[in-house]
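The values are calculated or read from the model by the stated rules, or taken from the named source; none is laboratory data. All values reported here derive from a predicted model rather than from experimental measurement. So basically every Cβ, Gly included, is an ideal-geometry build from the backbone, and we count neighbours across all protein chains shown. The area values use the complete protein model at the heavy-atom level, side chains included, leaving out ligands, DNA and RNA. Shrake-Rupley method; radii C 1.70, N 1.55, O 1.52, S 1.80 Å.
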Amino acid sequence: MQIDPVKLEKFMGQALGELGAGMNAALVIVGDKLGLYKAMAGAGPVTPAELARKTGTLERYVREWLNAQAAGGFVTYDSATQRYTLPDEQAFALAVEDSPAYLPGAYQIIAAVIKDEPCITQAFRTGAGVGWHEHCGDLFQGTERFFRPSYAANLVSSWIPALDGVEAKLQAGAKVADVGCGHGASTVLMAKAYPKSQFVGFDYHAPSIESAWKRAEQAGVHDRVGFQVAWAKEFPGKGYDLVAFFDCLHDMGDPAGAAAHVRETLAPGGVWMVVEPFAHDNVEKNLNPVGRVFYSASTMICTPASRAQEVGAALGAQAGEARLREVVMRGGFKTFRRAAETPFNLVFEARA
């Protein structure tokens, strides 16, 4: 090897920063579970002892946690008063659960994939898949907590209005299927916004369906929402005015088969809304911070999930519009267009 000392030093500095970030992922989860961020939000400067009293925790642990948070820029430290402050911007991302910038769910996903690393490593060797249901429970809860703020910020306000004629149907009373609904965050959001419509969420993971029922009851929409265990290629019902897939088509073993089934279930003039992670069609355009997160998640979650199913197409979380269009058209759809986008999602409208 021919080592360039300058390049080596630069990479080691980068790696050192990532070591701290990796360790901090666990500390964010600790702060989330113990309510440390929420106790600091809007409270101004606090001492470790004050924060420990507010949260029922040990001051010595809290002091060490605060110093780590200050070293990473998550909190600020005033050496004159020896007090720590959670700035409003950080509080918005770490302590406000309905904030569109809320982050703790993402860290819960990180914890899940680290726990599941042995299974993924073995899958690399054998070529086998690792089903969604085979991951630890933190993944299911973390995924809901991570995606729900974005859906709450965009789904009703911009994504559905971007679909031609769909919002008016939902306001008047429509029949909607939410496929791959997980814990039902998207289903409940739509049901709350459109009380005249009927919604049913489908997911093959039975524990998630149980959680979805609880979310619907807590939200007071269980009278117009139902949930069933079903695969994307087999979910029951006909005459849906809207079928929605939120961040799940790329996880499916046979996405073209799922597309064909969706087409068969739509009412005349019905729409399939496909929400997918933001991605360009070319790899080089995805080599950025957002692409890095999605490629990493795709390696640990999405690709193994698809490989665990029949066909095993393994589109991956960075499939891009061109590949998604091909899959949808193979399912028998006539039109496919990009209706909306955010820095993290692409929203497509497909019609038969």
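When only Cα pairs below 8 angstrom with a gap of at least 6 residues are kept, the chain shows a relative contact order of 13 percent.
In order along region 273-285, the phi-based Karplus estimate (6.51 cos²θ - 1.76 cosθ + 1.60, θ = phi - 60°) of 3J(HN,Hα) comes to 9, 10, 9, 9, x, 4, 7, 8, 6, 9, 3, 4, 7 Hz; Gly and Pro are listed as x. The count of lysine pairs in region 209-352 with alpha-carbon distances below 27 Å, taking only pairs 8 or more places apart or on different chains, stands at 4.
Projecting the Cα atoms of Thr126, Gln90, Ile160 onto the charge dipole of region 90-166, computed from C-beta unit charges around the Cα centre, puts Thr126 farthest toward the positive end. Each part gets one Cα centre, and for region 188-219 versus region 118-143 those centres are 25 Å apart. Backbone phi angles across region 62-67, fed through the Karplus curve with coefficients 6.51, -1.76 and 1.60 (θ = phi - 60°), yield HN-Hα couplings of 4, 4, 5, 4, 4, 5 Hz in residue order; Gly and Pro are listed as x.
Normalised by 2.2 N^0.38 Å, where N is the number of residues, the C-alpha radius of gyration of region 1-68 stands at 1.59. Computed about its Cα centre, the charge dipole of the chain is approximately 360 debye, with only Lys, Arg, Asp and Glu carrying charge at their Cβ.
Relative to the Cα centre, the charge distribution of region 13-148, modelled as +1 at Lys and Arg Cβ and -1 at Asp and Glu Cβ, gives a dipole magnitude of about 280 debye.
Using a probe of 1.4 Å on the protein chains alone, the accessible area found for Leu86 is around 10 Å². If R0 is taken as 51 Å, the Cβ-Cβ distance between Tyr77 and Ala206 corresponds to a FRET efficiency of 0.60.
Oblate is the label for region 3-159, because a/c, from the alpha-carbon gyration tensor with a ≥ b ≥ c as root eigenvalues, is 1.5 or above and a/b does not exceed b/c. Going by a ≥ b ≥ c, the root eigenvalues of the Cα gyration tensor, does region 306-352 fall in the rounded group (a/c under 1.5), the prolate group (a/b larger than b/c) or the oblate group? The shape class here is oblate.
Rounded to 0.05, the FRET efficiency of the Thr342 and Gln218 pair, given R0 = 22 Å and the Cβ-Cβ distance, is 0.25. Here the relative contact order of region 22-155, from alpha carbon pairs under 8 Å that lie six or more residues apart, stands at 24 percent. Ordered by 1.4 Å accessible area with all protein chains kept, Thr57, Thr265, Thr335 run largest first as Thr335, Thr57, Thr265. Taking all C-alpha pairs of region 216-352, those more than 24 Å from each other amount to 32 percent. Compared with the dominant principal axis of the Cα atoms in the chain, helix 206-219 is inclined by about 80°.
Once the dipole of the chain is set up with Lys and Arg at +1 and Asp and Glu at -1 on Cβ about the Cα centre, which of Asn67, Thr299, Ala339 lies farthest towards its positive end? Among Asn67, Thr299, Ala339, the one farthest towards the positive end of the dipole of the chain is Ala339. The long axis of helix 5-34 is offset from the longest Cα principal axis of the chain by roughly 80 degrees. The alpha carbon radius of gyration of the chain, expressed as a multiple of 2.2 N^0.38 Å, is 1.08.
Roughly how tilted is helix 117-126, in degrees to the nearest 10 and between 0 and 90, from the longest Cα axis of the chain? Relative to the chain, helix 117-126 is tipped by roughly 50 degrees. Divide by every residue of the chain the summed helix terms, -39500 (n - 2.57) for each DSSP H run of at least 4, and state the resulting mean residue ellipticity at 222 nm, rounded to the nearest 500 deg cm²/dmol. For the chain, the value works out to -14500 deg cm²/dmol. Shown are Asp88, Asp4, whose ranking by accessible area with a 1.4 Å probe and every protein chain present, most to least, is Asp88, Asp4. Note on the chain: GNM, Cα springs under 10 Å; of Cys181, Cys248, Cys119, the largest mean-square fluctuation is that of Cys119.
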